[in-house]
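Read-outs: derived from the displayed coordinates by stated rules, not from any lab. Keep in mind that this is a model prediction, so the values were computed, not measured. With ideal geometry, Cβ positions are generated from the backbone for all residues, glycine too; neighbour counts draw on all protein chains shown.
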Amino acid sequence: MAVSFAPSKTSKSACRCRLRSTDGCPRRHAVGTPLCLPVCARATRPQLPYTEAVLQETLRLFPPLPFLMREAKEDVDLGEGRVAPKGSTLVLHVHSMQTSGDLYPHPERFMPERFLPDTKAALGPSDANAYAPFGVGARMCVGYKLANFVAKAVLVRIYQRFRVALHPQQRLPLRMKTGLSRAPADGVWVTLHPRQPAGSAPPAAK
Ligand code: HEM
């Protein structure tokens, strides 16, 4: 089965893709729906540190919102003699920052280990503020925990049922489209191979 994961502005499409299984929810709500989330988040939240790190690394290389904007409420000293006067619009280019060689070792490589406790010091950002897919400061995304939880729940359910492989027609490197948001231009084509339920006979050899 070939599937295209269409690009989404944030996690809206993940939310739309509701999971109808009720296995994981103590109150038998459909997993991933608004009714279930507050209960499941407490009762069944898996820790899954590597999955979490994969999500973080994905949002580092592919932040859906590639820049943040702020209006200067007063003159801002930008260093090296440059000052942004009060009222000017400041744009922080998150994608450039998160892929900068000054801030990340081997910035072009996909390395979830950057976000694992044991390897964070060596591979993670040299400055904690250099990671901002959900923004920074007082206006930071209010939905980031929900987005993370839903993304993890969706990934877990997919990987429990399928092995996922890149579809041969998917060209690499991924062609991205950048406007107000940044997303794969043609989605991402993958092939889903159903997993054998535990204890079932393997398929007959051809
Ligand atoms: C992967 C998913 C998501 C990403 C990458 C994302 C990213 C962002 C970013 C970059 C901002 C601007 C922060 C800033 O200016 O510093 C933002 C703001 C915001 N986000 Fe998200 N977001 C996601 C999911 C969600 C979800 C699921 C919700 C709601 C349930 C949400 C609600 C909001 C709201 C209300 C704001 C405005 C906060 C404010 O201006 O005070 N986001 N988000």
Exercise. Efficiency by 1/(1 + (r/R0)^6): what FRET value for ARG195 and HIS106, r their Cβ-Cβ distance, R0 = 35 Å, to the nearest 0.05?
Worked result: 0.60
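Please give the length that would be gained between SER88 and GLU71 if that part of the chain were fully extended, namely 0.36 nm times their separation in residues minus their C-alpha to C-alpha distance (nm, one decimal). Intermediate values should be presented prior to the final figure.
Working: separation 17, 0.36 × 17 = 6.12 nm, distance 0.57 nm.
Taking 0.36 nm per residue and subtracting the Cα distance, the gain is 5.5 nm.
Quick one: length gained pulling ASN129 to LEU174 fully straight, 0.36 nm per residue minus the C-alpha distance?
13.5 nm
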Exercise. With labels modelled as points extended 7 Å from the Cα through the Cβ direction, what inter-label distance (nm, one decimal) is found for ASP186 paired with ASP118?
Worked result: 4.0
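Would you calculate the convex hull of the Cα atoms in the stretch 84-137 and tell me its volume per residue in Å³? Don't skip to the end; give the middle numbers.
Details: hull volume 5.4 nm³, N = 54.
Output value, Cα hull per residue: 101 Å³.
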Exercise. For PHE162, which sequence-distant residues (separation of 5 or more, or a different chain) have an amide H within less than 5 Å of its own amide H, given hydrogens modelled in the peptide plane?
Worked result: ARG195
Exercise. Based on the mean of other beta carbon atoms within 10 Å per residue, what is the order of 53-63, 87-97, most packed first?
Worked result: 53-63, 87-97
